[in-house]
Each structure stands twice: as structure tokens, then as C-alpha cells.
Amino acid sequence: MKFALHLGSLVAAAAVGLLMAPVARAQDAPVLVKLQTIPDRLTLSDVRDARSVLVIGQTADGKSVDLSETAIRTAGGPQIVVGKDGYVAPVSVGSTELVVTAGGQTVKVPVEIKDVSPRETDFIRDVEPIMAKVGCNAGTCH
């Protein structure tokens with residue numbers, strides 16, 4: 001019983017300690033000196049093409065920070081649309097920019113759209129991935 005009482009006190013003290021621990025504030029976040037994307041340019045080849053970019057911030061002390069989840073991506077022109085998931089899809093042929101903002105920095109990614117005409121469905125590219133996802137990955141039998 002004596003052990004159980006001490007164990008309960010230890011758990012309670014640990015819980016209070018966690019509640020009292022300092023919380024990281026936004027002002028404690030490292031200051032970014034550079035923002036880059038991977039890739040640094042996008043080429044969309046057809047109407048079904050959709051791409052996203054990784055967003056990497058560099059701090060003053062040279063550390064890299066992955067900002068892909070929190071970065072804001074906006075279309076720089078009517079040639080593309082940016083979905084809620086951050087993927088860029090073509091609307092019309094031409095060139096524009098994807099504007100990426102994170103940590104107070106902004107970078108513009110050149111985007112070239114080559115074609116937006118409808119294309120035929122391709123078994124290997126369009127159908128087999130669906131079959132593999134539902135468990136049938138032996139495309140030779142279909």
C-alpha cells in the first residue's frame with residue numbers, strides 16, 4: 001500500500017510538471033533567411049498532370065526546416081489552379097508562377113503548361129494503379 005501511495009504521488013507530480021512545462025511560442029520559432037522549393041520549376045504536360053512542391057526553409061544558423069505542410073501556395077495567373085492539398089493543376093497552355101509563402105518568406109516557382117487537351121485513357125497509367133490499390137497487382141492477367 002505504501003508503494004501504491006508513493007506511485008500515485010509520483011504520477012500526479014509528473015502530470016503537474018508537464019502542465020507547467022514551458023510551451024514553445026511563435027516568437028521562439030527560428031527566423032528563416034531563405035525559402036526554396038523542390039523542384040524549383042514545374043512543367044505540366046497534359047490536362048491530367050498535377051504536381052506539388054516540397055517547401056524547405058533555411059535558418060540563420062544553416063539548418064533546414066520542412067515547411068511543406070504549412071506553406072501557402074497560390075496561383076500566379078489563370079493558367080493554373082492550386083487545390084486545398086497544394087497540388088497544382090493546369091487550366092490553359094502557357095507560363096505562369098506558383099507563389100509559395102512560409103515563415104515570412106516568399107518564393108516564385110516558374111510553371112510551364114504544355115498541353116491541356118483531353119487524352120485517351122491508358123491502361124498502364126490510369127487503370128493498373130487503381131487495380132493495384134484494391135489488391136490486384138498482377139496486371140498480366142487482366
Q: Starting from segment 35-107, pick out the trypsin sites (Lys or Arg not before Pro) whose DSSP state is loop and whose Cβ has at most 16 other Cβ atoms within 10 Å.
A: Arg41, Arg48, Lys63, Lys84
Q | Percentage, to the nearest whole number, of Cα pairs in segment 30-120 over 17 Å apart | A | 47 percent
Q.
Just to check I understand the Karplus step: with θ = phi - 60° and J = 6.51 cos²θ - 1.76 cosθ + 1.60, what whole-Hz values come out for segment 98-114, glycine and proline as x?
A. 9, 9, 10, 10, 7, x, x, 10, 9, 9, 10, 9, x, 10, 10, 10, 8
Q. Under a plain spin-label model, where a point goes 7 Å from the Cα along Cα-to-Cβ, how far apart in nm are Lys108 and Thr43?
A. 2.1 nm
Q. List the lysines whose alpha-carbon lies under 22 Å from that of Lys63, not counting same-chain residues fewer than 8 positions away?
A. Lys34, Lys108
(Q) Loop only by DSSP, 16 or fewer other Cβ within 10 Å of the Cβ. Give me the GluC sites (Glu not before Pro) in segment 51-121 that pass, ordered by residue number. (A) Glu69, Glu120
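All of the numbers you see were taken from the coordinates with simple rules; none came from a lab. A quick note: this is a predicted structure, and the numbers were derived from the prediction, not measured. Reconstructed Cβ throughout: ideal geometry from the backbone, glycine too, with neighbour counts over all protein chains shown.
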